[in-house]
Amino acid sequence: ADREGVLVLYPEQKRIANAFRCWNWFDRSVQNGEGEAALIAGMVRAVTADYAVDPSRVYIAGMSAGAALTSVMVSCHGELFAACAMHSGLMFRAADSVGEAVRAMKNGSPVSPEKVARQVMANKEFSFVPALLIHGTRDDVVHPTNADQTLAQFMAMAGGVGETDTALVESVRQLTHGGIRRFEIRDFRSAETLMLRKVVIEELGHAWSGGDAQHAFNDAKGPDASLMIWEFVSGFERREGTISASSASMMGTKQ
């Protein structure tokens, strides 16, 4: 953030609201854009105004419950963000109770990603947000099936952005980080614009890829998720309700 001149807002959950200090992304009011979602939207607006942040270049990212809440934020308050990233998360409306949330984390959601996408797009305030999805193949907390469902949901929304449904063009790359950990990058473009990117990292559990191993839920082996996220989101701007992609959004990930 210091190197790139980025201002970072870290909202923090209260233990009184969640025993694990996780976001309550499954709460029905939150999934309507209210509660915690509305509070974070308010924080974003306040920081953008108070610190003279360029409103066309506001991004959101999260891991696990933070990633699930990110899917809520871009579905309910998409007008605020130019791009987003979700590390080890779940799709929007994957569950609407604690019990359903636990089951979805373990097995994926029984809810249709495409059906939810249609419901989101039916809202006159809907605004598509390009997304980067990162997930580990060994994640035993949030099953990798959830990444597939999140991708399907975003593909449905991305395909319906124009006046008619548009098929996205997929490209795939296989890379190795440090000669020890393989990962796959799948890009989805509409014409020449990158709309979605999914990164699947082999042998990674429920941990931030490339993080500080001194802390829980961090894996130092990489690849560097923070770098991948910045490379992706920094290529997008939101102006007058529309997303534009600069040349930065077309580049590969430097691993």
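The values are calculated or read from the model by the stated rules, or taken from the named source; none is laboratory data. Please read all numbers here as calculations on a predicted model, not as lab measurements. No Cβ is skipped: glycine too gets one built from the backbone with ideal geometry, and neighbour counts run over all protein chains shown. The accessibility values were calculated without ligands, DNA or RNA, using every heavy atom of the protein model including side chains. Shrake-Rupley method; radii C 1.70, N 1.55, O 1.52, S 1.80 Å.
Please enumerate, by chain and number, the lysines with C-alpha under 22 Å from the C-alpha of residue 124, excluding those fewer than 8 residues away in the same chain.
In chain and number order, the partners are 115.
Excluding residues fewer than 8 places away in the same chain, name every one of the lysines whose C-alpha is closer than 28 Å to that of residue 14.
106
If you restrict to DSSP beta bridges whose two residues both lie in the chain, what percentage is antiparallel, to the nearest 5?
Bridges in the chain that DSSP calls antiparallel: roughly 55 percent.
Rounded, prolate or oblate: which fits region 105-187, taking a ≥ b ≥ c as square roots of the Cα gyration tensor eigenvalues, rounded meaning a/c under 1.5, else prolate when a/b beats b/c?
Oblate, because a/c is 1.5 or more while a/b does not exceed b/c.
Give me the number: length gained by fully extending residue 10 to residue 102, i.e. 0.36 nm times residue separation minus the C-alpha to C-alpha distance, one decimal in nm.
30.6 nm
Could you do me a favour and compute the accessible area per residue for the chain, 1.4 Å probe, result in Å²?
Heavy-atom accessible area per residue stands at 50 Å².
Sorted by accessible area with a 1.4 angstrom probe, largest first, how do 192, 36 fall?
Output order, biggest surface exposure first: 192, 36.
How far is it, in nm, from the label point at residue 240 to the one at residue 212 when both lie 7 Å from their Cα along the line to the Cβ?
Rounded to a tenth, the inter-label distance reads 4.4 nm.
Relative to the Cα centre, what is the charge dipole magnitude of the chain, using +1 at the beta carbon of each Lys and Arg, -1 at the beta carbon of each Asp and Glu, and rounding to the nearest 20 debye?
For this selection, approximately 300 debye.
Restricted to Cα positions, what overall size does region 157-229 have along the principal axes? Three whole-Å values, descending.
Sorted from largest, the Cα extents of region 157-229 read 49, 24, 18 Å.
Got a sec? What order do 59, 10, 51 fall in by accessible area at 1.4 Å, biggest, i.e. largest, first?
If we order 59, 10, 51 from most to least accessible, we get 10, 51, 59.
Is the C-alpha gyration tensor of the chain telling us rounded, prolate or oblate? Criteria: a/c under 1.5 is rounded; beyond that, a/b larger than b/c is prolate, otherwise oblate.
rounded
Could you sort 26, 232 by their accessible area in this structure, using a 1.4 Å probe and putting the largest first?
26, 232
Would you kindly state how much longer the chain becomes between residue 20 and residue 119 on full extension, computed as 0.36 nm times their sequence separation minus their alpha carbon distance, in nm to one decimal?
Length gained, residue 20 through residue 119: 32.6 nm.
To the nearest 500 deg cm²/dmol, what mean residue ellipticity at 222 nm is calculated for the chain from DSSP H runs of n ≥ 4 alone, each contributing -39,500 (n - 2.57), summed and divided by the residues?
-8500 deg cm²/dmol
Taking Cα centroids, how far is region 98-129 from region 1-77 in Å?
Cα centroid to Cα centroid, the span is 18 Å.
If the reach is capped at under 13 angstrom between alpha carbons, list the aspartates and glutamates near residue 221, excluding any in the same chain fewer than eight residues apart.
Reachable aspartates and glutamates: 202, 203, 212.
Taking 8 Å as the Cα distance limit and 6 or more residues as the minimum spacing, I'd like the relative contact order of region 1-114 as a percentage.
That works out to 23 percent.
Which value, in Å² rounded to 10, gives the accessible area of residue 34 with a 1.4 Å probe and all protein chains present?
Spelled out: residue 34, probe radius 1.4 Å, area about 100 Å².
Assuming R0 = 22 Å, can you tell me the calculated FRET efficiency for the pair residue 173 and residue 227, based on Cβ-Cβ distance, to the nearest 0.05?
That gives a FRET efficiency of 0.90.
What accessible area, in Å² to the nearest ten, does a 1.4 Å probe give for residue 50?
120
Amide H to amide H under 5 Å from residue 206: which residues, 5+ apart in sequence or cross-chain, H placed 1.01 Å off N in plane?
For residue 206, whose amide H was placed from the backbone, the distant partners under 5 Å are 140, 141.
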